Amino acid sequence: MKTYKTRKNLPVIIFGFSMIAFVLSQLVINAVLNPLGTELQSLNKEKNFLVEENRLMEEQVAKTSSITVIKKLADKQLDIRSQSDKSIIYLEQSALLAEK
C-alpha cells in the first residue's frame with residue numbers, strides 16, 4: 001500500500017522538485033545578471049554624457065573654424081586686414097597688340 005501511494009504521488013514529487021530547481025536557477029541567474037545590469041546602466045550614462053560632450057565640442061569647432069570668425073580674429077587680435085581698397089579695372093582695346 002505504501003508503494004502505491006508513492007507511485008501516485010510521484011508526479012507531484014517530480015513537479016515539486018522541478019519547481020524548486022526552477023526557482024533556484026532563477027535566483028542564481030538573477031544574482032549573476034544584476035551586477036552586470038547595474039554596470040551596463042552606468043556605462044550607458046557615461047556613453048550618453050560623452051556623446052553630448054562630443055556634440056558640444058563639434059559645435060565649438062564648427063563655430064571657431066568658420067571663415068567669418070577667423071576674419072574677425074585676424075582683424076581684432078592680430079591687426080591683419082584685407083586690402084579691400086584695391087579695385088581691378090579691365091580695359092579692352094582691340095587695336096593694341098603685345099610686342100614679341
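The values are calculated or read from the model by the stated rules, or taken from the named source; none is laboratory data. Just so it is clear, the structure is predicted and the values come from calculations on it, not from any experiment. Here the Cβ positions follow ideal geometry from the backbone for every residue, glycine too, while neighbour counts run over all protein chains shown.
Of the residues making up segment 3-18, none is free of Cβ contacts under 8 Å to residues at least 12 places away in the same chain, in a helix (DSSP H, G or I), surrounded by 10 or more Cβ atoms within 10 Å (Cβ to Cβ) and within 43 Å of the chain's Cα centre (by Cα). Residue-level check: of (1) at pLDDT 90 or above; (2) surrounded by 10 or more Cβ atoms within 10 Å (Cβ to Cβ), K72 misses just (1).
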